[in-house]
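Here is the structure we will look at.
The values are calculated or read from the model by the stated rules, or taken from the named source; none is laboratory data. Fair warning: this is a prediction, and the values are worked out from it, not measured in the lab. Neighbour counts run over all protein chains shown; Cβ positions are idealised from the backbone, glycine included. Accessible surface is based on the protein model in full, side chains and every heavy atom, while ligands, DNA and RNA are left aside. Shrake-Rupley method; radii C 1.70, N 1.55, O 1.52, S 1.80 Å.
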2 protein chains.
Amino acid sequence: MEARIEKIKQSLQSKGYKLTPQREATVRVLLENEEDHLSAEDVFMLVKDKAPEIGLATVYRTLELLSELHVVEKMNFGDGVARYDLRSESNHHHHHHLICVQCGAVDEIMEDWLTPLEERLEREYQFKVLDHRLDFQGICHRCKDKALPPEAE
Amino acid sequence: MEARIEKIKQSLQSKGYKLTPQREATVRVLLENEEDHLSAEDVFMLVKDKAPEIGLATVYRTLELLSELHVVEKMNFGDGVARYDLRSESNHHHHHHLICVQCGAVDEIMEDWLTPLEERLEREYQFKVLDHRLDFQGICHRCKDKALPPEAE
DNA sequence: CTGTCTGCAAAGACTTTGCACCACG
DNA sequence: CGTGGTGCAAAGTCTTTGCAGACAG
């Protein structure tokens, strides 16, 4: 964890930015909640525990900055809030999301299933793929286990 | 086209809603721009040509309504605006997007490449897939043709 | 000092809601 | 006349920006 912070610090410094206490607290929150997809507000509330004086604007600015540095990825699941995901170490960041329409949970699958498709896209559509995103909406295993009675939407 | 409007009219009526002139104008705009992914504002401006007295709120309400009826799909490409897509006739709406990071164009591919993956998800992750979404970010063929000089981001 | 970074509050962008009025059965 | 629908304006939500002060080199 310290090593990852150190690395992020270097990313920042290489572009002339500093790892201020607020930024460090924000990064720590992201590291500690790597599995989740936190909104800015989520991050803000968690950071407040570490650095109560921080302002929401700083969190937004930090997330924006980390996003530019490709340390985090800003994403959008259609609920009207931006969510932020720490990018994995690997050069490609190909994880996919399982979004449960019942409980709202977002799980990740780390497998990369799309390489053959990307090759096909470049060949058949002349589209140079830089990144992709694959989300599935459905019912997660937890909700399936709960075996809720079927109900009309 | 008239046939599709008629169908949508029936969808509305089956739930007790009416196809008012404003709604019809909105639907027509969507039909005429099926290839694009219009934002509410886009739709509003186009509808104004047909029905100048319409209000933006009505467009939002109509799009929301059509969304509930699964006539359109509300989506989000991460630029902070909701975009609306007419759903295709087929029961599954599996199109994928090619989003150009250079010019912002969004093209569609209608092929459905994911059925095997969905089966695997259900088997291995116990996740019941209801829908999915697959977007690729990259450089579209038009921008590639322009052969812009490579530049560091 | 010089430039970056911060908190706060104000402004902004997009969307939703409240309300009085309209239209149609 | 009752229900849904509308336009307008106001309110809401999420995010960005302006600004004066803090802080580090």
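Solvent-accessible area assigned to carbon and sulfur over the protein assembly as shown amounts to 50 percent, based on a 1.4 Å probe.
Proximity of backbone amide H atoms, modeled 1.01 Å from N, is registered between B:LEU38 and B:TYR84 at under 5 Å, excluding neighbours fewer than 5 places apart on the same chain. Label-point spacing for A:VAL81 across the identical copies (point 7 Å from Cα in the Cβ direction), in nm and ascending order: 2.5.
Mean residue ellipticity at 222 nm from the helices of chain B, using -39,500 (n - 2.57) per DSSP H segment of n ≥ 4 over the full residue count, to the nearest 500 deg cm²/dmol?
Only helices count here, giving -13000 deg cm²/dmol.
Kirkwood hydrodynamic radius of the protein assembly as shown, from the reciprocal of the average inverse Cα-Cα distance over all distinct pairs: 21.8 Å. Taking Cβ atoms as reference points and 14 Å as the exclusive limit, the residues near B:THR115 contribute a net charge of -4, counting Lys and Arg as +1 and Asp and Glu as -1. In terms of Cα atoms, the Rg and Dmax of the range B:1-86 work out to 11.9, 35 Å. Of the beta bridges in chain A, as assigned by DSSP with both residues counted there, near 75 percent are antiparallel.
If you take all other residues with their beta carbon under 13 Å from the beta carbon of A:ALA51, and give Lys and Arg +1 and Asp and Glu -1, the sum is +1. Here is how far apart the A:GLN102 label points are across copies: 4.6 nm, shortest first, using a point 7 Å from Cα toward Cβ. By the gyration tensor of its Cα atoms, with a ≥ b ≥ c the square roots of the eigenvalues, what is the shape of chain B: rounded for a/c under 1.5, prolate for a/b over b/c, or oblate? Since a/c reaches 1.5 but b/c is at least a/b, the shape of chain B is classed as oblate. Per the Debye calculation on the range B:96-146 with a single equal scatterer at every Cα and no solvent contribution, log₁₀ I(q)/I(0) for q = 0.12, 0.20, 0.30 Å⁻¹ amounts to -0.38, -0.72, -1.08.
In the full protein context, the protein assembly as shown carries 55 Å² of accessible surface per residue, based on a 1.4 Å probe and ignoring ligands, DNA and RNA.
Under a plain spin-label model, where a point goes 7 Å from the Cα along Cα-to-Cβ, how far apart in nm are B:ARG4 and B:ASP131? Here the modelled spin labels are 1.8 nm apart. Label-point spacing for A:GLU6 across the identical copies (point 7 Å from Cα in the Cβ direction), in nm and ascending order: 7.3. Take the accessible area of A alone and of B alone, subtract that of the pair with a 1.4 Å probe, and the total buried over both chains is about 3200 Å².
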